[in-house]
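> This is the structure I have questions about; it appears just below.
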Amino acid sequence: MKKIYLYSFLFFLSASSYAQIIGYTDLGVLFSQENYNGTARYNGMSGAFGALGGDISSIYQNPAGGAVFSKSEISGSLSLNNTSTNATYYDAISYNENSSFRAPQFGLVLVFNSPYSNSNWSKFTFGFNYSMLNDFNSDYKVKGNNTAGYARYNLHPFDESQRPYNNSKEQTFTNTIEGKSDVYTFSLASSYKDFLYIGSSLNFHEIRLTQDTFLTEDNEDEDGNTLFADYAQYLSETSTGASLGIGIILKPTRNIRLGVAYQSPVWHTEVIEESNGLDYDRENSYEGFKEQGYLDINSTDPTKPNDFYQNTTSNYPAINAYRYGINTPEKWTVSAAITLGQHGLISADYYQKNYALIRLTNSYEFANENEEINNILSNTRGLKAGGELRFNQVSLRGGAYIEESPYTAQKELQYKKGFSMGIGFKFKSAKFDIAYQYSEYENSYSIYDQTEPVNSISLANSSSRISSTLSFSF
(Lines give C-alpha, C1' and ligand atoms only; values in the text may rest on other atoms or scores of the structure.)
Protein backbone atom coordinates (compact mmCIF):
# COMPACT_ATOMS: atom_id res chain seq x y z
CA MET A 1 0.00 0.00 0.00
CA LYS A 2 1.33 3.41 -0.96
CA LYS A 3 0.70 6.58 0.99
CA ILE A 4 0.61 9.89 -0.89
CA TYR A 5 0.49 13.14 1.04
CA LEU A 6 -1.49 15.99 -0.46
CA TYR A 7 -1.30 19.40 1.17
CA SER A 8 -2.47 21.46 -1.77
CA PHE A 9 -0.87 24.88 -1.78
CA LEU A 10 -1.92 28.39 -2.80
CA PHE A 11 -5.61 27.57 -3.03
CA PHE A 12 -7.53 30.76 -2.26
CA LEU A 13 -11.19 31.13 -1.37
CA SER A 14 -13.19 34.03 -0.05
CA ALA A 15 -14.94 33.71 3.30
CA SER A 16 -18.23 32.77 1.69
CA SER A 17 -16.98 30.25 -0.87
CA TYR A 18 -17.03 27.28 1.48
CA ALA A 19 -18.85 26.68 4.72
CA GLN A 20 -15.60 25.87 6.50
CA ILE A 21 -15.34 29.41 7.88
CA ILE A 22 -18.21 31.59 9.07
CA GLY A 23 -20.48 32.77 6.26
CA TYR A 24 -22.07 36.19 6.10
CA THR A 25 -25.49 35.09 7.38
CA ASP A 26 -23.93 33.59 10.49
CA LEU A 27 -21.68 36.64 10.88
CA GLY A 28 -24.76 38.83 10.83
CA VAL A 29 -26.29 36.75 13.63
CA LEU A 30 -23.02 36.84 15.56
CA PHE A 31 -22.86 40.63 15.28
CA SER A 32 -26.51 40.96 16.39
CA GLN A 33 -26.76 38.60 19.35
CA GLU A 34 -26.23 39.81 22.90
CA ASN A 35 -24.81 37.86 25.83
CA TYR A 36 -24.49 40.94 27.98
CA ASN A 37 -22.04 40.99 30.89
CA GLY A 38 -23.34 43.34 33.58
CA THR A 39 -22.70 43.78 37.27
CA ALA A 40 -22.99 40.73 39.49
CA ARG A 41 -26.37 41.99 40.73
CA TYR A 42 -27.58 42.37 37.14
CA ASN A 43 -26.22 38.92 36.23
CA GLY A 44 -27.68 37.29 39.34
CA MET A 45 -31.19 38.29 38.23
CA SER A 46 -30.59 37.22 34.59
CA GLY A 47 -30.61 40.86 33.47
CA ALA A 48 -34.31 41.47 34.19
CA PHE A 49 -33.82 45.18 34.92
CA GLY A 50 -35.86 46.93 32.23
CA ALA A 51 -38.40 48.32 34.70
CA LEU A 52 -36.08 48.57 37.69
CA GLY A 53 -33.01 50.62 36.83
CA GLY A 54 -30.75 51.60 39.67
CA ASP A 55 -27.96 49.39 38.31
CA ILE A 56 -25.11 50.88 36.31
CA SER A 57 -25.00 48.14 33.68
CA SER A 58 -28.78 48.38 33.07
CA ILE A 59 -28.48 51.77 31.35
CA TYR A 60 -27.63 49.99 28.08
CA GLN A 61 -30.84 47.98 28.31
CA ASN A 62 -33.03 50.93 29.38
CA PRO A 63 -31.33 54.34 29.71
CA ALA A 64 -34.14 55.59 31.97
CA GLY A 65 -32.71 53.36 34.70
CA GLY A 66 -30.00 55.94 35.36
CA ALA A 67 -32.59 58.34 36.82
CA VAL A 68 -33.51 55.81 39.54
CA PHE A 69 -30.19 56.39 41.32
CA SER A 70 -30.42 58.60 44.39
CA LYS A 71 -26.63 58.86 44.84
CA SER A 72 -23.66 58.80 42.48
CA GLU A 73 -22.05 55.39 42.13
CA ILE A 74 -19.02 53.69 40.59
CA SER A 75 -18.53 49.95 40.06
CA GLY A 76 -16.21 47.42 38.49
CA SER A 77 -16.52 43.68 37.84
CA LEU A 78 -14.38 40.58 37.26
CA SER A 79 -15.53 37.25 35.86
CA LEU A 80 -14.34 33.71 35.24
CA ASN A 81 -15.97 32.08 32.21
CA ASN A 82 -16.04 28.42 31.25
CA THR A 83 -17.40 27.12 27.93
CA SER A 84 -17.88 23.48 26.96
CA THR A 85 -18.92 22.03 23.61
CA ASN A 86 -20.06 18.52 22.78
CA ALA A 87 -19.45 18.14 19.05
CA THR A 88 -21.12 15.26 17.18
CA TYR A 89 -20.03 14.33 13.66
CA TYR A 90 -21.91 11.23 12.52
CA ASP A 91 -21.09 8.59 15.18
CA ALA A 92 -18.10 10.48 16.61
CA ILE A 93 -18.55 12.63 19.71
CA SER A 94 -15.90 14.88 21.25
CA TYR A 95 -15.92 16.96 24.43
CA ASN A 96 -14.15 20.33 24.35
CA GLU A 97 -13.69 22.91 27.08
CA ASN A 98 -11.98 26.28 27.53
CA SER A 99 -11.87 28.99 30.19
CA SER A 100 -11.13 32.71 30.26
CA PHE A 101 -10.72 35.42 32.86
CA ARG A 102 -12.24 38.79 32.03
CA ALA A 103 -12.83 42.29 33.41
CA PRO A 104 -16.22 42.62 31.68
CA GLN A 105 -17.75 45.72 33.29
CA PHE A 106 -16.90 49.16 34.59
CA GLY A 107 -19.34 52.01 35.10
CA LEU A 108 -20.09 55.36 36.70
CA VAL A 109 -23.32 57.28 37.34
CA LEU A 110 -23.29 60.92 38.50
CA VAL A 111 -26.46 62.33 40.09
CA PHE A 112 -27.17 66.07 39.92
CA ASN A 113 -30.09 67.50 41.89
CA SER A 114 -32.16 70.15 40.17
CA PRO A 115 -30.99 73.69 41.03
CA TYR A 116 -34.65 74.78 41.17
CA SER A 117 -36.32 73.68 44.39
CA ASN A 118 -39.81 74.05 42.94
CA SER A 119 -39.09 72.10 39.74
CA ASN A 120 -40.94 68.84 39.10
CA TRP A 121 -37.79 67.52 37.40
CA SER A 122 -36.00 66.68 40.63
CA LYS A 123 -32.69 65.36 39.31
CA PHE A 124 -30.57 64.64 36.27
CA THR A 125 -28.02 61.86 35.86
CA PHE A 126 -25.10 61.18 33.57
CA GLY A 127 -23.98 57.61 33.15
CA PHE A 128 -21.09 55.76 31.55
CA ASN A 129 -20.75 52.01 31.39
CA TYR A 130 -18.45 49.58 29.64
CA SER A 131 -19.62 45.99 29.28
CA MET A 132 -18.53 43.00 27.28
CA LEU A 133 -21.46 42.23 24.99
CA ASN A 134 -20.25 38.84 23.70
CA ASP A 135 -17.39 36.48 24.47
CA PHE A 136 -16.62 34.61 21.25
CA ASN A 137 -13.92 32.29 22.62
CA SER A 138 -14.55 28.66 21.66
CA ASP A 139 -12.45 25.74 20.49
CA TYR A 140 -13.47 22.25 19.41
CA LYS A 141 -12.19 19.31 17.38
CA VAL A 142 -14.07 16.38 15.80
CA LYS A 143 -12.88 13.24 14.01
CA GLY A 144 -15.14 10.87 12.09
CA ASN A 145 -16.23 9.70 8.65
CA ASN A 146 -19.28 10.78 6.66
CA THR A 147 -21.62 7.96 5.71
CA ALA A 148 -21.94 9.27 2.14
CA GLY A 149 -18.31 8.37 1.53
CA TYR A 150 -17.77 11.84 0.09
CA ALA A 151 -14.20 13.05 -0.57
CA ARG A 152 -13.65 16.65 -1.60
CA TYR A 153 -9.93 16.21 -2.32
CA ASN A 154 -10.07 13.07 -4.44
CA LEU A 155 -7.41 13.90 -7.06
CA HIS A 156 -3.71 14.55 -6.69
CA PRO A 157 -2.78 17.69 -8.67
CA PHE A 158 0.45 16.17 -10.02
CA ASP A 159 -0.72 12.64 -10.74
CA GLU A 160 -0.84 12.35 -14.54
CA SER A 161 -3.09 9.30 -14.35
CA GLN A 162 -5.62 11.32 -12.34
CA ARG A 163 -6.77 8.25 -10.49
CA PRO A 164 -9.55 9.17 -8.07
CA TYR A 165 -9.28 8.74 -4.30
CA ASN A 166 -13.02 8.51 -3.76
CA ASN A 167 -13.16 6.25 -0.72
CA SER A 168 -13.28 8.52 2.31
CA LYS A 169 -11.81 6.97 5.45
CA GLU A 170 -11.76 9.84 7.94
CA GLN A 171 -12.21 13.60 8.34
CA THR A 172 -10.75 15.67 11.17
CA PHE A 173 -11.93 19.22 11.74
CA THR A 174 -10.67 21.82 14.22
CA ASN A 175 -12.39 25.18 14.76
CA THR A 176 -10.84 27.86 16.98
CA ILE A 177 -12.61 31.20 17.51
CA GLU A 178 -11.22 34.00 19.65
CA GLY A 179 -12.40 37.52 20.37
CA LYS A 180 -15.18 39.56 21.92
CA SER A 181 -17.56 42.45 21.32
CA ASP A 182 -17.71 45.43 23.66
CA VAL A 183 -20.17 48.27 24.16
CA TYR A 184 -19.48 51.69 25.69
CA THR A 185 -22.67 53.45 26.82
CA PHE A 186 -23.13 57.15 27.57
CA SER A 187 -26.54 58.06 28.98
CA LEU A 188 -28.57 61.05 30.16
CA ALA A 189 -31.66 60.57 32.32
CA SER A 190 -34.07 62.52 34.48
CA SER A 191 -37.03 61.88 36.78
CA TYR A 192 -40.34 63.73 36.96
CA LYS A 193 -42.20 63.77 40.31
CA ASP A 194 -40.87 60.29 41.17
CA PHE A 195 -43.44 59.02 38.66
CA LEU A 196 -41.76 59.17 35.26
CA TYR A 197 -38.16 58.29 34.50
CA ILE A 198 -36.86 58.98 31.01
CA GLY A 199 -33.44 58.53 29.45
CA SER A 200 -31.46 58.23 26.25
CA SER A 201 -28.10 56.73 25.39
CA LEU A 202 -25.39 56.79 22.76
CA ASN A 203 -23.60 53.45 22.43
CA PHE A 204 -20.28 52.72 20.77
CA HIS A 205 -19.60 49.12 19.75
CA GLU A 206 -16.34 47.34 19.03
CA ILE A 207 -15.92 43.83 17.62
CA ARG A 208 -12.74 41.79 17.26
CA LEU A 209 -13.01 38.20 16.04
CA THR A 210 -10.58 35.68 14.60
CA GLN A 211 -11.26 32.15 13.39
CA ASP A 212 -8.83 29.39 12.41
CA THR A 213 -10.14 26.19 10.86
CA PHE A 214 -8.25 23.08 9.79
CA LEU A 215 -9.72 20.16 7.84
CA THR A 216 -7.90 16.89 7.17
CA GLU A 217 -9.21 14.22 4.80
CA ASP A 218 -7.96 10.64 4.66
CA ASN A 219 -9.02 9.13 1.31
CA GLU A 220 -8.19 5.90 -0.58
CA ASP A 221 -8.33 4.79 -4.20
CA GLU A 222 -9.62 1.39 -5.38
CA ASP A 223 -6.17 -0.16 -4.90
CA GLY A 224 -5.88 0.89 -1.29
CA ASN A 225 -3.44 3.75 -1.88
CA THR A 226 -3.96 6.52 0.65
CA LEU A 227 -4.15 10.24 0.08
CA PHE A 228 -3.99 12.69 2.99
CA ALA A 229 -5.22 16.22 2.32
CA ASP A 230 -5.16 19.24 4.64
CA TYR A 231 -7.09 22.46 4.15
CA ALA A 232 -6.73 25.49 6.43
CA GLN A 233 -8.56 28.80 6.51
CA TYR A 234 -8.22 32.00 8.50
CA LEU A 235 -10.77 34.75 9.11
CA SER A 236 -10.51 38.07 10.96
CA GLU A 237 -13.34 40.55 11.53
CA THR A 238 -12.82 43.94 13.18
CA SER A 239 -15.40 46.71 13.39
CA THR A 240 -16.61 49.73 15.29
CA GLY A 241 -20.23 50.80 15.26
CA ALA A 242 -22.77 53.03 16.97
CA SER A 243 -26.36 52.75 18.18
CA LEU A 244 -28.95 54.82 20.03
CA GLY A 245 -31.21 53.93 22.92
CA ILE A 246 -34.23 55.53 24.53
CA GLY A 247 -36.43 54.35 27.36
CA ILE A 248 -38.99 55.23 30.00
CA ILE A 249 -39.94 53.80 33.38
CA LEU A 250 -43.35 54.54 34.88
CA LYS A 251 -44.22 54.20 38.55
CA PRO A 252 -48.06 54.25 38.62
CA THR A 253 -48.18 53.02 42.22
CA ARG A 254 -45.65 52.74 44.99
CA ASN A 255 -44.96 49.06 44.30
CA ILE A 256 -45.41 48.72 40.52
CA ARG A 257 -42.99 49.78 37.80
CA LEU A 258 -43.42 49.53 34.04
CA GLY A 259 -40.73 50.03 31.42
CA VAL A 260 -40.41 50.37 27.66
CA ALA A 261 -37.07 50.62 25.84
CA TYR A 262 -35.97 50.88 22.24
CA GLN A 263 -32.49 50.09 20.90
CA SER A 264 -31.72 51.20 17.38
CA PRO A 265 -29.82 49.04 14.90
CA VAL A 266 -26.08 49.00 15.42
CA TRP A 267 -24.60 50.68 12.38
CA HIS A 268 -21.26 49.04 11.59
CA THR A 269 -20.29 51.33 8.70
CA GLU A 270 -16.95 49.65 8.08
CA VAL A 271 -16.18 46.04 8.88
CA ILE A 272 -12.63 45.06 7.98
CA GLU A 273 -12.43 41.42 6.98
CA GLU A 274 -9.18 39.60 6.34
CA SER A 275 -9.29 36.01 5.16
CA ASN A 276 -7.46 33.39 3.19
CA GLY A 277 -7.89 29.80 2.19
CA LEU A 278 -4.79 27.66 2.18
CA ASP A 279 -4.15 24.22 0.81
CA TYR A 280 -0.73 22.72 1.38
CA ASP A 281 0.68 20.32 -1.26
CA ARG A 282 3.47 17.97 -0.32
CA GLU A 283 5.01 15.58 -2.85
CA ASN A 284 8.54 14.89 -4.03
CA SER A 285 10.40 15.68 -7.25
CA TYR A 286 8.36 18.53 -8.78
CA GLU A 287 10.98 20.81 -10.31
CA GLY A 288 8.50 23.51 -11.31
CA PHE A 289 7.74 24.25 -7.69
CA LYS A 290 11.40 24.13 -6.75
CA GLU A 291 12.00 27.14 -8.98
CA GLN A 292 9.36 29.06 -7.04
CA GLY A 293 10.93 28.19 -3.72
CA TYR A 294 8.30 25.69 -2.62
CA LEU A 295 10.17 22.43 -3.17
CA ASP A 296 13.44 21.01 -1.97
CA ILE A 297 14.07 17.58 -3.42
CA ASN A 298 17.41 17.39 -1.60
CA SER A 299 16.00 18.12 1.86
CA THR A 300 18.25 17.05 4.73
CA ASP A 301 15.47 17.32 7.27
CA PRO A 302 14.91 13.68 8.36
CA THR A 303 11.31 14.44 9.29
CA LYS A 304 10.51 15.81 5.82
CA PRO A 305 12.53 13.82 3.27
CA ASN A 306 11.95 14.99 -0.30
CA ASP A 307 8.85 16.87 0.73
CA PHE A 308 7.01 19.71 -0.89
CA TYR A 309 6.99 22.70 1.41
CA GLN A 310 7.27 26.46 1.40
CA ASN A 311 10.75 27.55 2.43
CA THR A 312 10.54 31.33 2.13
CA THR A 313 8.15 33.55 4.05
CA SER A 314 7.90 35.91 1.09
CA ASN A 315 5.97 33.20 -0.75
CA TYR A 316 3.33 32.92 1.98
CA PRO A 317 -0.04 33.62 0.37
CA ALA A 318 -1.23 37.16 0.93
CA ILE A 319 -4.32 37.70 3.07
CA ASN A 320 -7.26 39.11 1.15
CA ALA A 321 -8.83 42.20 2.73
CA TYR A 322 -12.45 43.31 2.31
CA ARG A 323 -14.47 46.23 3.63
CA TYR A 324 -18.22 46.23 4.03
CA GLY A 325 -20.91 47.26 6.50
CA ILE A 326 -23.48 45.47 8.67
CA ASN A 327 -26.68 46.93 10.13
CA THR A 328 -28.05 44.80 12.95
CA PRO A 329 -31.81 44.73 13.74
CA GLU A 330 -33.52 47.05 16.22
CA LYS A 331 -34.73 45.73 19.56
CA TRP A 332 -37.84 46.47 21.64
CA THR A 333 -38.18 45.60 25.34
CA VAL A 334 -41.23 45.87 27.61
CA SER A 335 -40.82 45.28 31.31
CA ALA A 336 -42.75 45.06 34.57
CA ALA A 337 -41.67 44.83 38.19
CA ILE A 338 -43.23 44.56 41.62
CA THR A 339 -41.27 45.93 44.55
CA LEU A 340 -41.86 44.69 48.10
CA GLY A 341 -40.46 47.66 49.97
CA GLN A 342 -37.28 46.74 51.79
CA HIS A 343 -38.03 43.03 51.48
CA GLY A 344 -37.30 42.46 47.79
CA LEU A 345 -38.70 42.57 44.27
CA ILE A 346 -39.80 40.55 41.24
CA SER A 347 -39.09 41.67 37.68
CA ALA A 348 -39.61 40.42 34.10
CA ASP A 349 -38.57 41.59 30.62
CA TYR A 350 -40.05 40.58 27.27
CA TYR A 351 -38.08 41.53 24.15
CA GLN A 352 -38.03 40.92 20.43
CA LYS A 353 -35.57 41.42 17.60
CA ASN A 354 -36.14 40.65 13.91
CA TYR A 355 -32.94 39.09 12.55
CA ALA A 356 -34.37 39.09 9.02
CA LEU A 357 -33.65 42.86 9.01
CA ILE A 358 -29.88 42.34 9.17
CA ARG A 359 -28.35 44.05 6.15
CA LEU A 360 -24.90 43.82 4.59
CA THR A 361 -24.07 47.20 3.07
CA ASN A 362 -21.51 49.11 1.01
CA SER A 363 -21.42 46.62 -1.82
CA TYR A 364 -23.85 45.55 -4.56
CA GLU A 365 -22.31 42.10 -4.28
CA PHE A 366 -24.37 41.39 -1.15
CA ALA A 367 -27.75 41.28 -2.89
CA ASN A 368 -27.83 37.46 -2.74
CA GLU A 369 -26.59 37.37 0.85
CA ASN A 370 -29.26 39.85 1.99
CA GLU A 371 -31.94 37.80 0.25
CA GLU A 372 -30.63 34.69 2.01
CA ILE A 373 -30.74 36.50 5.36
CA ASN A 374 -34.33 37.51 4.71
CA ASN A 375 -35.29 33.90 3.87
CA ILE A 376 -33.33 32.07 6.57
CA LEU A 377 -33.69 34.38 9.59
CA SER A 378 -36.80 35.57 11.39
CA ASN A 379 -38.19 37.51 14.34
CA THR A 380 -36.92 36.38 17.74
CA ARG A 381 -38.60 36.70 21.12
CA GLY A 382 -37.14 36.28 24.56
CA LEU A 383 -38.18 36.40 28.20
CA LYS A 384 -36.10 37.17 31.29
CA ALA A 385 -37.28 37.04 34.89
CA GLY A 386 -35.54 37.66 38.18
CA GLY A 387 -36.13 38.25 41.85
CA GLU A 388 -34.38 39.51 44.96
CA LEU A 389 -34.97 38.87 48.67
CA ARG A 390 -33.41 41.22 51.20
CA PHE A 391 -32.44 40.40 54.75
CA ASN A 392 -31.09 43.59 56.29
CA GLN A 393 -27.64 43.97 54.68
CA VAL A 394 -27.75 40.71 52.70
CA SER A 395 -29.62 40.08 49.41
CA LEU A 396 -30.34 36.75 47.73
CA ARG A 397 -31.06 36.73 43.99
CA GLY A 398 -32.12 34.39 41.23
CA GLY A 399 -33.32 34.46 37.66
CA ALA A 400 -33.87 32.60 34.39
CA TYR A 401 -34.27 33.30 30.67
CA ILE A 402 -35.35 31.66 27.42
CA GLU A 403 -34.90 32.88 23.85
CA GLU A 404 -35.98 31.73 20.41
CA SER A 405 -33.66 30.77 17.60
CA PRO A 406 -33.08 33.44 14.92
CA TYR A 407 -33.08 30.67 12.28
CA THR A 408 -36.50 29.91 10.81
CA ALA A 409 -35.71 26.21 10.34
CA GLN A 410 -34.76 25.85 14.03
CA LYS A 411 -37.65 27.88 15.45
CA GLU A 412 -38.20 27.04 19.07
CA LEU A 413 -38.60 29.12 22.17
CA GLN A 414 -35.87 27.38 24.15
CA TYR A 415 -33.09 27.75 21.59
CA LYS A 416 -31.18 29.47 24.38
CA LYS A 417 -31.98 29.03 28.04
CA GLY A 418 -30.29 29.57 31.34
CA PHE A 419 -30.57 30.41 35.01
CA SER A 420 -28.68 32.50 37.52
CA MET A 421 -28.26 33.05 41.23
CA GLY A 422 -26.39 35.48 43.40
CA ILE A 423 -25.76 37.09 46.75
CA GLY A 424 -25.04 40.68 47.73
CA PHE A 425 -23.62 42.40 50.79
CA LYS A 426 -24.34 46.05 51.57
CA PHE A 427 -22.07 48.19 53.69
CA LYS A 428 -22.24 51.86 54.65
CA SER A 429 -21.15 53.25 51.25
CA ALA A 430 -20.12 50.09 49.42
CA LYS A 431 -21.65 46.93 47.98
CA PHE A 432 -20.09 43.59 47.10
CA ASP A 433 -22.00 41.17 44.87
CA ILE A 434 -21.33 37.67 43.54
CA ALA A 435 -23.31 35.85 40.84
CA TYR A 436 -23.32 32.51 39.06
CA GLN A 437 -24.84 32.06 35.58
CA TYR A 438 -25.40 28.95 33.50
CA SER A 439 -26.68 28.85 29.91
CA GLU A 440 -26.91 26.35 27.09
CA TYR A 441 -27.96 26.20 23.47
CA GLU A 442 -27.61 23.92 20.46
CA ASN A 443 -26.50 24.80 16.95
CA SER A 444 -24.71 23.26 13.98
CA TYR A 445 -21.66 23.98 11.85
CA SER A 446 -21.03 22.91 8.26
CA ILE A 447 -17.47 22.02 7.30
CA TYR A 448 -18.55 21.47 3.70
CA ASP A 449 -20.73 23.47 1.38
CA GLN A 450 -24.47 22.78 1.58
CA THR A 451 -24.36 21.31 -1.96
CA GLU A 452 -21.98 18.58 -0.78
CA PRO A 453 -23.65 15.45 0.71
CA VAL A 454 -22.15 15.72 4.19
CA ASN A 455 -24.02 16.40 7.42
CA SER A 456 -23.20 19.36 9.60
CA ILE A 457 -21.51 19.03 12.98
CA SER A 458 -24.07 19.14 15.81
CA LEU A 459 -22.92 21.31 18.71
CA ALA A 460 -24.32 21.23 22.23
CA ASN A 461 -22.90 24.29 23.99
CA SER A 462 -22.99 25.23 27.64
CA SER A 463 -21.32 28.05 29.52
CA SER A 464 -20.96 29.05 33.14
CA ARG A 465 -19.78 32.34 34.57
CA ILE A 466 -18.87 33.48 38.05
CA SER A 467 -18.79 37.26 38.40
CA SER A 468 -18.10 39.66 41.24
CA THR A 469 -18.69 43.40 41.51
CA LEU A 470 -17.51 46.02 43.95
CA SER A 471 -19.51 49.28 44.04
CA PHE A 472 -19.09 52.55 45.91
CA SER A 473 -21.69 55.31 46.31
CA PHE A 474 -20.86 58.94 47.05
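> Conditions: (1) assigned to a loop (DSSP other than H, G, I, E, B); (2) modelled with pLDDT of 50 or more; (3) over 30 Å from residue 194 (Cβ atoms); (4) of a type in the set (S, T, N, Q). Residue 342 meets all but one. Number of the miss?
With (1) assigned to a loop (DSSP other than H, G, I, E, B); (2) modelled with pLDDT of 50 or more; (3) over 30 Å from residue 194 (Cβ atoms); (4) of a type in the set (S, T, N, Q) applied to residue 342, the lone miss is (3).
> Going by the conditions given, is residue 275 closer than 30 Å to residue 195 by Cα, assigned to a strand (DSSP E or B) and modelled with pLDDT of 80 or more?
For residue 275, the condition - closer than 30 Å to residue 195 by Cα, assigned to a strand (DSSP E or B) and modelled with pLDDT of 80 or more - is not met.
> Separate question: Which condition from (1) among the β-branched types (Val, Ile, Thr); (2) over 30 Å from residue 361 (Cβ atoms); (3) at pLDDT 90 or above is the one that residue 4 breaks?
Going through the list (1) among the β-branched types (Val, Ile, Thr); (2) over 30 Å from residue 361 (Cβ atoms); (3) at pLDDT 90 or above, residue 4 breaks only (3).
> Condition check: among the charged types (D, E, K, R) and in contact with an Asp or Glu (Cβ under 8 Å, 6 or more places away or on another chain). Does residue 169 satisfy that?
yes
> If you check every pair at least six apart or on different chains, which have Cβ atoms under 8 Å apart with a residue in the stretch 50-71 that is within 12 Å of residue 349 (Cα to Cα) first and a residue that is crowded, with 24+ Cβ neighbours inside 10 Å and among the acidic types (Asp, Glu) second?
50/349; 51/349; 61/349
> Can you tell which of 146, 175 is surrounded by 15 or more Cβ atoms within 10 Å (Cβ to Cβ), outside any strand (DSSP E or B), of a type outside the set (Val, Ile, Thr) and touching a residue at least 60 places away in the same chain (Cβ under 8 Å)?
Matching residue, one of 146, 175: 146.
> What's the total number of residues in the stretch 117-150 that are among the basic types (Lys, Arg) and over 29 Å from residue 94 (Cβ atoms)?
Residues that pass the stated criteria total 1.
> Examine the stretch 112-122 for a residue that is part of a strand (DSSP E or B) and either in contact with a helix residue (DSSP H, G or I) (Cβ under 7 Å, 6 or more places away or on another chain) or buried (at least 17 other Cβ atoms within 10 Å of the Cβ) (or both), and state whether such a residue exists.
Looking through the stretch 112-122, none of the residues is part of a strand (DSSP E or B) and either in contact with a helix residue (DSSP H, G or I) (Cβ under 7 Å, 6 or more places away or on another chain) or buried (at least 17 other Cβ atoms within 10 Å of the Cβ) (or both).
> Let me ask another. Run down 187, 181, 191 and say which single residue is part of a strand (DSSP E or B), of a type outside the set (A, V, I, L, M) and touching a Pro at 6+ places or on another chain (Cβ under 8 Å).
187
The values are calculated or read from the model by the stated rules, or taken from the named source; none is laboratory data. What you see is a predicted model; the values in this text were computed from it and never measured. Every residue, glycine as well, gets a Cβ built from its backbone with ideal geometry; the counts of neighbours run over all protein chains shown.
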